[in-house]
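J.: The structure's right below; bear with me while I get my questions together.
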Amino acid sequence: MAKSSWIVGGIVGALGFGALTVLGPRFADVCCPRPQRALASSEAATASVALSIEGMDCAACTAAIRTALKRLDGVRDARISFVEKRAVVEYEPARVAPRQLVEAVNRLGYRAILAPAGS
Ligand SMILES: [Cu+2]
C-alpha cells in the first residue's frame with residue numbers, strides 16, 4: 001500500500017517537471033521584447049556634443065545659430081542657451097563631424113569651440 005503511493009507520487013513529480021520545461025521557452029519570449037533592441041540600435045547612431053559660443057548679444061542670436069546647425073546634414077537637434085553661452089547638439093557621427101558644427105557657428109560671426117565633456 002505505502003509502496004504504490006510512492007510510485008504515483010514519483011509519476012506526478014516527473015510530469016510536473018515536464019510541464020515546467022514546456023513553459024520555459026514561452027517565458028523567454030516574453031522577457032526579450034524586440035522593440036527595445038531596435039530602439040537601442042537607433043540611439044547608438046547618434047551622439048551629443050556641447051559647444052561654447054562667444055559673441056551672442058541677445059536671445060535672437062540663439063535662433064540664428066539653432067537654424068544654422070539644424071540645416072546641416074546629420075544634425076538631429078540643437079539646443080542653444082544664451083545665458084550659458086552654450087549649445088548642445090545631437091548629431092549622427094556617420095554624417096557630420098563636430099568640427100563642421102563649430103564651423104557652421106563661426107560662419108555666422110560667432111566664436112565657437114568644442115566644450116570639454118561634462119562641462
Ligand atoms: Cu542677437
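J.: Residue under question is Glu92, and the condition is that it be touching a Gly at 6+ places or on another chain (Cβ under 7 Å) and at pLDDT 95 or above; does it hold? Walk me through how you get there before you give the answer.
T.: Values: touching a Gly at 6+ places or on another chain (Cβ under 7 Å): yes; at pLDDT 95 or above: yes.
Taking the combined requirement at face value, the residue satisfies it.
J.: What number of residues in segment 75-100 are exposed (fewer than 15 other Cβ atoms within 10 Å of the Cβ) and part of a loop (DSSP other than H, G, I, E, B)?
T.: Adding up the residues that qualify gives 7.
J.: Give me the residue from segment 101-116 that is surrounded by 14 or more Cβ atoms within 10 Å (Cβ to Cβ) and either under 17 Å from Tyr91 (Cα atoms) or hydrophobic (A, V, I, L, M, F, W, C) (or both) and, out of that set, farthest from the chain's Cα centre (by Cα). Walk me through how you get there before you give the answer.
T.: Quick first cut of segment 101-116, residues surrounded by 14 or more Cβ atoms within 10 Å (Cβ to Cβ) only: 101-102, 104-106, 108, 110, 112, 115.
Right, trim to either under 17 Å from Tyr91 (Cα atoms) or hydrophobic (A, V, I, L, M, F, W, C) (or both) and you get 101-102, 104-105, 108, 112, 115.
Working: Leu101: 20, Val102: 23, Ala104: 25, Val105: 25, Leu108: 30, Ala112: 26, Ala115: 21 Å.
Looking at residues that are surrounded by 14 or more Cβ atoms within 10 Å (Cβ to Cβ) and either under 17 Å from Tyr91 (Cα atoms) or hydrophobic (A, V, I, L, M, F, W, C) (or both), I get Leu108.
J.: Can you name the residue in segment 45-65 that is buried (at least 16 other Cβ atoms within 10 Å of the Cβ) and within 12 Å of the ligand (Cβ to nearest atom) and is also farthest from Ala115 (Cα to Cα) among such residues?
T.: Filtering segment 45-65 for residues that are buried (at least 16 other Cβ atoms within 10 Å of the Cβ) and within 12 Å of the ligand (Cβ to nearest atom), the one farthest from Ala115 (Cα to Cα) comes out as Cys61.
The values are calculated or read from the model by the stated rules, or taken from the named source; none is laboratory data. Since the structure is predicted, the reported quantities are computational estimates derived from the model, not experimental observations. Methodologically, a virtual Cβ is constructed for each residue, glycine included, from the backbone with ideal geometry; neighbour enumeration extends over all protein chains shown.
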